[in-house]
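Below: the structure, in structure tokens.
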Amino acid sequence: MIELCNSTDVVEGEILRRDVDGLPAVALTRHEGQIFVFPDTCPHAEESLSEGWVEDGRVVCGVHFAEFELGSGEVHNRPAGCPNLTFFTCEDRDGKVFARLKEEA
Amino acid sequence: MTDILDISRPFTAYDRPADAETERAVTRFLNAEARTLDREAYQEWLDHFVDEDIHYWMPDMETRNRSDARGPYRHGDSAYFDDTLSELKVRVARFVEPSAWADNPATRHLHLISNIEVYETGDPSLLAVCSAFTNVRNRNETDQDVIHGRREDVLRRHGDDFRLARRRILIVQNVLLSKNLNTFL
Amino acid sequence: MTMCRGSCQGAGRPDMTPVYPTAGSYPDFARLVNRDTAQVDRRVFSDEAVYQAELRQIFARAWLFLAHESQIPGPGDFIRTSMGEDDVIIVRQRDGSVKALLNSCPHRGNRVCMVDAGSKARGFICNYHGWSFGLDGGLRGTDGKVYEKDESFEKAQIGLTPVAQVASYKGLIFGTFDPEAPSLEEFLGDFTFYLDIMLDNEEGGTEFVGGAIRSEIDCNWKFPAENFVGDILHAFWTHQSGAQAILGGGVDLGKRYDELAFQASVYGHGIETNLDKVGNTRTLGYPELVDYVFDLSERARARLGEVRARAIGAVSSATVFPNMSFLPGQNTFRVWHPRGPGKIELVSWTIVNRNAPERIKDLYRKGVMMTFSPGGVFEMDDGENWEYSTRVNQGFVTRQQPLHYALGLGSEDLERNLPGIVHKGSLNDANQRLFYTRWAEFMEHDNWADLQNGATAAPARTRAAAE
């Protein structure tokens, strides 16, 4: 797992973008206390999800308004060809957020 | 008030079609009403086709996104008509004035009624009637206005005859493609 | 401007700044209004070239009515309307301010907002290629995954063209395409004194009843605008039938009708009014409304002074140049959008006091529907007059015949201490002459210093004295 930030940096209802060496940027949000980590790049038109917002337990892309359920990544209000979003496994450990960003051996 | 007379309610249950005899009688009523309006016999229309508690409503049809909960129309907002009998009488009073310039010389009217469906309701004295219409008005030399739409009527039985207790008129135009509405639909 | 073929400087980004014509690029259309003889040349109602010049000289420069604040109360609430023939979106921003945006994608020009109105919009996405714009009009992204890699494309510099200036006056939102235009308050000038009869007669201001009635009339836009700016004379003949239906008698306000009445004009905006308290309100046909307005008029005296308090429901009509009109006391509020020299789209609403009882608001809605709506007993007879006043000018010889606008020449009232250019009596062509004088000023002048200091500017009287 890769350390991303302090868990206090992840604020309820807001989206935080993190650049990770050698990997695509990731985004974090907190909803009802729980932290979620997902790719910052919308799978539809490759726009930044951190420029969108969280509404009713969904991440909303600010460009074409695709909505992804936090956790399952199921897409709603789906633009043509837009797949579900794949969320990363993450942990809040000793005040730090860790996530599994790629298959690890 | 019986729910079905509530003008803000669309018809929902279409599961009790009226018998053929009732359907024929209603069809005769609607055709006779159309012919009365074509003749501009507005006082006759009030006297013979319209009930005392008439609610006659034609909302404006807004263009809204499908996701918009408001929908294209809402009772209480802008409308072309939202009349009781006393208000219909005022409109008729203008039509009969010789100085109603938009009707003098006379407009040539045609009310085409079709797609008539008749249903029984929870109240044996009331029938729910759907129909579609084409209204054509031609004036002077080449002025022609055409309006298409649907009506949801509630007819009340009066012996062997009927009277109009409620009429919802939903036209297909957003911008009314006419300068006026010098008719009833 | 020639299109860049890819080899030009600056990484091939084309200059997107438009170039507008000036007054000098048109014939001298201002002379079609002859102030000395009080005649108007009929070509102003029928000529396509005049109309195209109007779209530039008037509708692309004047402040135009866009929306009432109450139509877009919250962030993302929007309506679509027109400025001249230009389609625009009026949208409330997240910070509560209002922006007006040209409703046309900068890519292929497609309309990005297709609906009349909506609430809580997230932005506007073009159906053609998925270009997405924020509430502020800025381009958020595209659909093709190709633009971001293309050197001709700089996202931050592309968006829906904003209307240059947007401002409100007591609930009414206006906009102008002209960045050089003076402030809205300067454009309205002392006419705000008269707007307040309708907009500020009670604490809380006004709101629009929901929805709107839209209709097409085959007439030139200036006929209805001049009708409302000062033509009460037509009511006696045109509207006999409607008055008979509602009031049980023709339009007859008695021999002394015109003694208290006056017309006032500022920069072509005009109001004609009597001081009979409830003349307009009576024609809605609901005694409850008459009682309401009598009471309102009493309460408004402290706020508006005696003259304006008596005008709240009086026989009266008004136009804000060029194409917004209303009837105090009858509460219809409308815009005449031009659609060519011989066609308009009329959009009308009912305006009510926000603090009025719900029952009163609904009676106004019904009263306006009965009178000034396509099925209304007054509006029905107006439309045909304006259509035929426009259409007969297809005749070549007919349109060479000047029109007579000379009623009340020399009737200026220099004693009455009211803002604007004031004329005695309301049976008078004075405001219509000043409306066309303003029209000619717009056709003639490119700079606002000339526009704001010509014959339509109000004489310097203090508003304080009037109040």
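Remarks
- Between residue B:92 and residue A:53, the FRET efficiency from the beta-carbon distance, with R0 = 41 Å, is close to 0.15.
- The residues B:146, A:37, sorted by heavy-atom accessible surface at 1.4 Å with ligands and nucleic acids left out, run B:146, A:37 from largest to smallest.
- Once you reduce region C:163-208 and region C:15-55 to the center of their Cα atoms, the two points are 26 Å from each other.
- Within a straight-line Cα-Cα reach of under 15 Å, residue C:149 can be paired with the following aspartates and glutamates, leaving aside sequence neighbours fewer than 8 residues apart in one chain: A:46, A:47.
- Between 0 and 90 degrees, the angle of helix C:430-444 with respect to the longest Cα principal axis of chain C falls at about 20 degrees.
- Unsatisfied cross-links (Cα-Cα over 31 Å) in the set C:155/C:222; C:277/C:343; B:89/C:120; A:96/C:145; B:89/B:179; A:102/C:120: C:155/C:222; C:277/C:343; B:89/C:120; A:96/C:145; A:102/C:120
- Spin-label model, residue C:446/residue C:303: points 7 Å from Cα along the beta carbon direction are separated by 4.5 nm.
- On a per residue basis, chain C carries 39 Å² of accessible surface, using protein heavy atoms and a 1.4 Å probe.
- Three-way shape label, region A:10-85, alpha-carbon gyration tensor, a/c 1.5: oblate
- Sulfur and carbon atoms: percent of accessible area, region C:63-180 [1.4 Å]: 47 percent
- Label-to-label distance, nm, for residues given as residue B:136 and residue C:145 (7 Å Cα→Cβ offset): 5.5 nm
- With a 1.4 angstrom probe, the accessible area lost at the B-C interface totals about 3500 Å².
- Distance from the alpha carbon centroid of region A:50-85 to that of region C:379-405 works out to 57 angstrom.
- C-alpha center-to-center spacing [region C:324-340, region C:96-112] in angstrom: 25 Å
- A Förster radius of 25 Å combined with the Cβ-Cβ distance from residue B:172 to residue C:358 puts the calculated FRET efficiency at roughly 0.20.
- In this structure, residue C:203 and residue B:20 have a Cβ-Cβ separation that, at R0 = 56 Å, corresponds to a calculated FRET efficiency of about 0.35.
- Residue order by solvent-accessible surface for C:390, C:398 is C:398, C:390, largest first, with ligands and nucleic acids left out and a 1.4 Å probe.
The values are calculated or read from the model by the stated rules, or taken from the named source; none is laboratory data. Quantities reported herein were computed from a predicted structural model and do not represent experimental measurements. As a convention, Cβ positions derive from the backbone with ideal geometry for all residues, glycine included, and neighbour counts pool all protein chains shown. These accessible areas exclude ligands, DNA and RNA; they are computed on the full protein's heavy atoms, side chains included. Shrake-Rupley method; radii C 1.70, N 1.55, O 1.52, S 1.80 Å.
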